[in-house]
C-alpha cells in the first residue's frame, strides 16, 4: 500500500513528505493532564471531536543533490507506507545515504529494520548522545546498522550534516532532538515530537502528551521552539501534524494557531 506524498523545495533541495500512517487517535493522549471538559472545549472550538480525530506520521525525505536523507523512519511493518512510497517515487532504499533519528519511540525507529535486516543497508544512522545513552535498551532497530559500522552517535546540538542542525529538545524523551534545515536562505524548523498535534499541542502549551517522559521539560521545550519559529519567521514541520505537516505558527492568545503552508 502506498501513501500520500507532498513535494516542496528548500532552496536547491528537493523535499518529499511521506505519509507513513494516518489513523484514528484518542485526543486525550495529547492532553494527559487536562480535564475532559477542557479538552472538549478546545476540540469544539476548532471544529473537532473525539469521534473524528486523526493521528498522522509524516516522514521527511531530503535530496540535496549529493545526499538522500530521511528524518526518522515511521512505524515499520506491513501497514507502514514509507518503503512502498519510496519505491513508487523510484527511490531505491539502498540509495539512502543518511537517516537522522529524533528519538527512540517505535513510530520513529520502527522502519529502520526488523532488528535483523536493515531496510536502508547503506545509510549512516545518526542519533544524539543523550538519547542513545539513556534509551539504548529501546533501540534494537538500530542493531543491524551498528553491526555494519553505520551507527553514528552524535553531539546533542550542532550540525549533523551540511545544512541540518540538531537542536536539543528534551522532555518528550530524555534526549529528544528537533532539527533545523537551512539551504539557500530558506529554512524549515522540524519540531518532531516536541508538539504532537497541530491543534491541541499549540492551543495549550501546558498540556502533556501521554508518553512525555518529563512533561514540564516537554512543555518548556515546546514553548521555546514555537517562540523561535515566530521570532525567526521560520516554516515549521510537525511529525504528527495533519498531513503534510508544513506551515507556520502564529501567536493566538496564550498559545499558537497553525497556518497550513499554501503550495
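The values are calculated or read from the model by the stated rules, or taken from the named source; none is laboratory data. Treat the numbers as computed from the prediction; the structure is a model and nothing was measured. No Cβ is skipped: glycine too gets one built from the backbone with ideal geometry, and neighbour counts run over all protein chains shown.
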statement: Selection from segment 239-263 of residues under 19 Å from residue 107 (Cβ atoms) and touching a helix residue (DSSP H, G or I) at 6+ places or on another chain (Cβ under 8 Å) yields 239
Residue check, residue 201 assigned to a helix (DSSP H, G or I) and either under 16 Å from residue 58 (Cβ atoms) or at pLDDT below 95 (or both): yes
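Could you list all residues from segment 244-260 that are in contact (Cβ under 8 Å) with a residue 60 or more places away in the chain and more than 12 Å from the chain's Cα centre (by Cα)?
Once the filter is applied, which keeps residues that are in contact (Cβ under 8 Å) with a residue 60 or more places away in the chain and more than 12 Å from the chain's Cα centre (by Cα), segment 244-260 yields only 258.
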query: If we keep just the residues of segment 124-163 that are free of Cβ contacts under 8 Å to residues at least 12 places away in the same chain and in contact with a strand residue (DSSP E or B) (Cβ under 8 Å, 6 or more places away or on another chain), which is nearest to residue 99 (Cα to Cα)?
result: 159
task: From 208, 194, 178, 166, grab the single residue that is in a strand (DSSP E or B), touching a helix residue (DSSP H, G or I) at 6+ places or on another chain (Cβ under 9 Å) and in contact (Cβ under 8 Å) with a residue 24 or more places away in the chain.
output: 178
- request: Examine segment 144-155 for a residue that is buried (at least 18 other Cβ atoms within 10 Å of the Cβ) and within 17 Å of the chain's Cα centre (by Cα), and state whether such a residue exists.
  value: no
message: For residue 253, only one of the following conditions fails: (1) closer than 24 Å to residue 52 by Cα; (2) surrounded by fewer than 23 Cβ atoms within 10 Å (Cβ to Cβ). What is its number?
response: (1)
task: Within segment 126-140, identify whether any single residue is farther than 25 Å from residue 217 by Cβ and assigned to a loop (DSSP other than H, G, I, E, B), and answer yes or no.
output: no
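What tally of residues in segment 228-249 results from selecting those that are outside any loop (DSSP other than H, G, I, E, B) and within 15 Å of residue 22 (Cβ to Cβ)?
Final tally of qualifying residues: 1.
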- request: Please tell me if residue 238 is within 19 Å of residue 60 (Cα to Cα), crowded, with 23+ Cβ neighbours inside 10 Å and in contact (Cβ under 8 Å) with a residue 12 or more places away in the chain.
  value: yes
